[in-house]
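The values are calculated or read from the model by the stated rules, or taken from the named source; none is laboratory data. Keep in mind that this is a model prediction, so the values were computed, not measured. Neighbour counts run over all protein chains shown; Cβ positions are idealised from the backbone, glycine included. The protein model used for the area step is the full one, side chains on, heavy atoms only, and it has no ligands, DNA or RNA in it. Shrake-Rupley method; radii C 1.70, N 1.55, O 1.52, S 1.80 Å.
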Amino acid sequence: KKPVSFTEAIAVNGTPCPVHDRWGIPETIFRGTLDNVTEEGMRRFSRRMCGKRDILQAYEQIPPRPLADIREELKYLYVEIKKASPASALFNGWTQALISSNDRIFPTENLRAFWQGRCPITEIEAPHYPFYLWKQWNEIWKQ
């Protein structure tokens, strides 16, 4: 089997250290989200993620996943993230990082702190969920 080769690897509003006080979501915030996987908690999360009412309304057209599935996924991710060392990122071939200036999930300053000096950074005016800006994946590469 031939290994996969990437020509572009773009990080969008995240880092390989998703739970990290300096380079990701601060641990107390992540734990707070994990502890509040309720209907109301997920509504608050979606509002922060989407930022604007029209984006939230479009996002809410997607059928929601069961809360039990979301809770199980977040718990699993948290355990696995805590096992890994921030220095042992699985992939170091990032070619660009997109950072939303209005991200209310990952602190923008944490994203900047991680990506600075690792790859080119493009800041965009958008919330954490910026995918409404593009119709096709190749539009992201042209940022």
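Counting Lys and Arg as +1 and Asp and Glu as -1, each charge on the Cβ, what is the dipole of the chain about the Cα centre in debye, to the nearest 20? Numbers along the way, then the final one.
On the way: 20 positive and 17 negative charges, 42 e Å.
Roughly 200 debye for the chain.
Work out how much length K52 to R112 would gain on full extension: take 0.36 nm times their residue separation and subtract the Cα-Cα distance, in nm to one decimal.
That pair, K52 and R112, stretches by 19.3 nm at full extension.
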For this session: Between D21 and K82, with labels modelled 7 Å along Cα→Cβ, what's the label distance in nm to one decimal, could you check?
Result: 1.6
Problem set entry | Long-range HN-HN contacts of Q96 with modeled amide H, under 5 Å | A9, A11
For this session: Summarise the accessible area of the range 91-139 (1.4 Å probe, protein heavy atoms) by the percent that is carbon and sulfur.
Result: 50
For this session: Calculate for the chain the 222 nm mean residue ellipticity that helices alone would give, adding -39,500 (n - 2.57) per DSSP H run of length 4 or more and normalising by residue count, nearest 500 deg cm²/dmol.
Result: -11500 deg cm²/dmol
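With every protein chain present, what is the per residue accessible area of the range 1-71 (1.4 Å probe, Å²)?
69
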Exercise. Along the range 19-27, what does the Karplus equation 6.51 cos²θ - 1.76 cosθ + 1.60 (θ = phi - 60°) give for ³J(HN,Hα), rounded to whole Hz, x for Gly and Pro?
Worked result: 10, 7, 5, 10, 10, x, 7, x, 4
Seminar exercise, completed: Summed over the other residues with a beta carbon less than 12 angstrom from that of T28, with K and R at +1 and D and E at -1, the charge totals -2
For this session: Would you calculate the separation in nanometres between label points at E73 and I121, each defined as 7 Å from the Cα along the Cα-to-beta-carbon direction?
Result: 2.8
For this session: Using only protein heavy atoms and a 1.4 Å probe, report how much of W23 is accessible, in Å² to the nearest 10.
Result: 50
